[in-house]
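The structure appears right after this line, and notes come after that.
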Amino acid sequence: MTHPIGSLPIYPSNTVTLNSSQNDDDTEDHQNSQSTNTSRVVDDYLLVPQDDPSRPAIYTSGDLYTFLATTKETNFGFNAFDFFVPAGGGPPPHIHNYEHEAFFVTEGNFRFFLGNEAGVPDTDKQFILDGLPAGTFIFGARLRPHGFANPNSTAATSGTNEGGRIFSLTTPGGLDLLFDFAGKPVTNRNNPIPLPSPGVDPKQLEFGQRTGGSVAFPGYEPPPGTLNYVLVLPDDAPEDLKENIKSQLTGIDGFSVSTYSERPTFTGPFGIDYTSLASLPETGNELSYNEFSLAPKATNTFVQANLNGNQEVDPIKSLATGVANIKLNEQGDIDYSLTVKGLNFEKFVEWGTPQTSDNKDYVTGIYIDSGDGGSNGSHVFNILDPSHQDGSYQWIWSNPDGDTTINGTWHQTDKEIPTDLSDFLAHSGLPGQESGFNFEVDTSDHPTGEIRGQIASTTNDFPDQVASEDYEAFYVRKGQLSFKIGDETRLAGPDTFVYIPPGKEYSLGNFGQETVDSLAISVIPQAQTPPQVPGNTGDEANQFNPPIYGTSGDDVLVAGSNDQLFGGEGDDILKIGSGGHNLLYGGSGSDLFWIADGRIPDTVPDTRQLTDFGLPPLEDTQNTIVNFTLSVDKIRISGISDISSFDNLKLLPAFGDIRSTSIIASLDGKDVSLANVSGIVFNQLSAADFVFA
């Protein structure tokens, strides 16, 4: 069972020679940790290759699901997943009451269940489609049941596992939160995928009841106006398969069936010809799902590094940026030119006028480091240390716009140039191809790295960039597709997912040797309603006593029943006494929300808990924290013998609102909702947000 979402809601002047006051050890390790990440978030975009070990992944339904784009990364816009399904795997038929889900078979052959559950006697209400090959697309509209299975395909591999693969995209986002709650985290992809437990997973049931999901029971009928399934078969699918499926589904209410060559085509961004697999009208104006092929194009490349705080292994919200051009000269030495914006170079120049007003952003070092994108390495060359190079070949100046430029040459006689770096500069590859080296700028505020940029190949031959209006996603199936996103050039090889958020300028091009085949999806941003303020079971009037306000100091406010507490500007304590149905509003300080002290506040039965399916009875205090601030405020529970640590709590979405959290404890054979936290997703809270005594 999957779930829906009930309520949803970024020319030289003043030239001087280098000051020699800096002298760091070039052999120093840059930071302490090492990382093997193969993808990274850079200024909010994503580029994720298949089976990327840095991405979250879970086991569920006997499958391995990798999160390509999470709810947090897309601001609830959509989720994208790689579903690796071994033979015998796949979820049972189920319904999404909120999400649309689009499936694209990338490897292997699959069986899909569309309509009611398999085995329903009324055969004209359920359809089993066998042998759907790679290249098959299915749009499963919300409120229409679907399921899939891999009977025996072993075309794909993940670690030591064999099976098939499906690229899944759901909109709006939120499905990953179910998987995060109910799935088992993957720690080693080489391990065998565990078999699922028999029956419906109680954790999925518990999560789904709060967000409206359900299994596809026999006799279910989608309501009038539900969008159609859209099924598109590849043109090279076996003829008997195409004929069989068309004869089975053509003319049946609720289905649209075609092949690629029968779908509409259009010319879109960058002059590319697209085949529409699902149009905006077919998806209720929520997404368009397209396929394109792009022939190779000749190009001239050069090597550059674009520096920003997001490329740090631990990203930094820095306003500074930089761009470095780097090349191998005829003598086999490296010429470089680095221009930095928004940092203060006063320490390294002869003039004394600061370039910025912030005394924390003084540059303390500039290095060329080893290390792939997303990982740390060692300093291999210290640009601002003349004792390790011939200073007469290096110049630094302030530009009229306040930027600072450093030009220089790294001679082999200064310090040996790594062979890997010189080889990359001599044969840099396709635009977006990255070296294992980067430029790094350290400051007094961030001594282990303020901004960083990977040394990579790029080109000026991209089409003009466009600003994305929607959530843009690509899945490169074949070939190598170069992207220019903002100032950065990235290369996406086969089976690579790319996400570009709204408002980001980007372009793309095929500068390789073979035709690129890719999917291109646009998800239309939807209006997000504010989080609900959960506080009752939905039947009684939401009546409260007059508000109780704090002062500008540190206050202690105590709620009885039906009270509203409003903290002021200080560090306030907002405490629940013995009553229920209270609202707690903190203020601008570090507030303590004390939700239980020595006893559980008054509760009422919550009839929404699915006790008929084996879940325990639920009691609800109906107390709600309205404006909790992560890493600032705290939630306190004291004097309850069975609740002494974070491990004694269970966090779930509030009923009907996946963006709010219920804090639940299991006591005396029943569940007790101690409080709801409005506007905080359940997996955002951690032990650091709680105090126990």
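Compactness check for the range 488-628: Cα Rg over 2.2 N^0.38 Å is 1.72.
Secondary-structure-derived ellipticity at 222 nm for the chain, considering helices only, amounts to -1500 deg cm²/dmol, per-run term -39500 (n - 2.57) for DSSP H runs with n ≥ 4.
When the pairs K72/K650; K327/K484; K297/K478; K184/K504 are compared against a 24 Å limit on Cα-Cα distance, K184/K504 fall above it. Under 14 Å from a label point set 7 Å out along the Cα-to-Cβ vector of F270, the amide N atoms of the range 438-481 belong to 459-468, 472-481. Of the residues V677, V323, ranked by 1.4 Å probe accessible area with the largest first, the sequence reads V323, V677. The modelled label-to-label distance between E243 and K650, using points 7 Å beyond Cα along the C-beta direction, is 5.4 nm. Per the Cα gyration tensor, the range 567-654 maps to an equivalent ellipsoid with semi-axes of 26, 14, 13 Å, ordered largest to smallest. Multiplying the residue separation of N562 and T629 by 0.36 nm and subtracting their alpha-carbon distance yields 21.8 nm.
F266 contributes about 90 Å² of solvent-accessible surface, heavy atoms of the protein only, 1.4 Å probe.
One decimal place: the segment F544-S256 gains 98.5 nm when fully extended, by the rule 0.36 nm per residue minus the C-alpha distance. Note that the range 249-264 has calculated 3J(HN,Hα) couplings of 10, 4, x, 7, 4, x, 10, 10, 10, 7, 10, 4, 5, 8, 8, x Hz, one per residue in order, obtained from phi through the Karplus relation 6.51 cos²θ - 1.76 cosθ + 1.60 (θ = phi - 60°); glycine and proline are x.
Rounded to the nearest Hz, the phi-derived 3J(HN,Hα) couplings of the range 457-464 under the Karplus curve 6.51 cos²θ - 1.76 cosθ + 1.60 (θ = phi - 60°) are 7, 8, 8, 9, 9, 5, x, 4, where x marks glycine and proline. Of the trypsin sites (Lys or Arg not before Pro) found in the range 380-477, none is in coil by DSSP with at most 10 other Cβ atoms within 10 Å of its Cβ. Annotation: amide H-H contacts under 5 Å for A134 (H modelled 1.01 Å from N, sequence separation of 5 or more, or interchain): G108. Considering all C-alpha pairs of the range 411-474, those separated by over 17 Å amount to 64%. Across the protein chains, with a 1.4 Å probe defining accessible surface, the residues K478, K317, K484, K72 rank K317, K72, K478, K484 from largest area downward. Sequence-ordered 3J(HN,Hα) estimates for the range 474-479 from the Karplus curve with 6.51, -1.76 and 1.60 and θ = phi - 60° stand at 10, 10, 7, 8, 8, x Hz, glycine and proline given as x.
Across the protein chains, with a 1.4 Å probe defining accessible surface, the residues L178, L280, L430 rank L280, L430, L178 from largest area downward. For Q513 and S293, the difference between the fully extended length at 0.36 nm per residue and the C-alpha to C-alpha distance is 77.9 nm. Here is the tail figure for the range 277-329: Cα pairs spaced more than 15 Å apart come to 72 percent of all pairs.
Between the amide H of K478 and those of D495, D517, distances stay under 5 Å, these residues lying 5 or more places away or on another chain, with hydrogens modeled in the peptide plane. A probe of 1.4 angstrom, applied to the heavy atoms of all protein chains, finds W395 with accessible area near 110 square angstrom.
The lysines within cross-link reach of K246, meaning a Cα-to-Cα straight distance under 19 Å and a gap of 8 or more places when in the same chain, are K125.
Distance between the 7 Å Cα→Cβ label points at S638 and T611: 3.4 nm. Temperature 20 °C, viscosity 1.002 mPa s: under these conditions the Stokes-Einstein estimate for the chain, based on its Kirkwood radius over C-alpha pairs, is 76 µm² per second.
The shape of the range 242-316 can be summarised by an equivalent ellipsoid whose semi-axes, obtained from the alpha carbon gyration tensor, come to 40, 19, 12 Å from longest to shortest. For the chain, the carbon plus sulfur part of the accessible surface works out to 48%, probe radius 1.4 Å. Treating each Cα of the range 367-513 as one equal point scatterer and applying the Debye formula with no solvent, the log10 of I(q)/I(0) at q = 0.10, 0.13, 0.17 Å⁻¹ comes out as -0.46, -0.75, -1.13. What does the charge count around A87 come to, taking other residues whose C-beta lies under 12 Å from its C-beta (Lys +1, Arg +1, Asp -1, Glu -1)? Here the charged neighbours net out to -1. Take the Cβ atoms of S422 and A467, set R0 to 45 Å, and the FRET efficiency comes out at 0.75.
The values are calculated or read from the model by the stated rules, or taken from the named source; none is laboratory data. None of the values given here were measured: they were computed from a predicted structure. All Cβ positions, glycine included, derive from the backbone under ideal geometry; neighbour counts span all protein chains shown. Note: accessible area is taken over every heavy atom of the protein model, side chains too, but ligands, DNA and RNA are not part of it. Shrake-Rupley method; radii C 1.70, N 1.55, O 1.52, S 1.80 Å.
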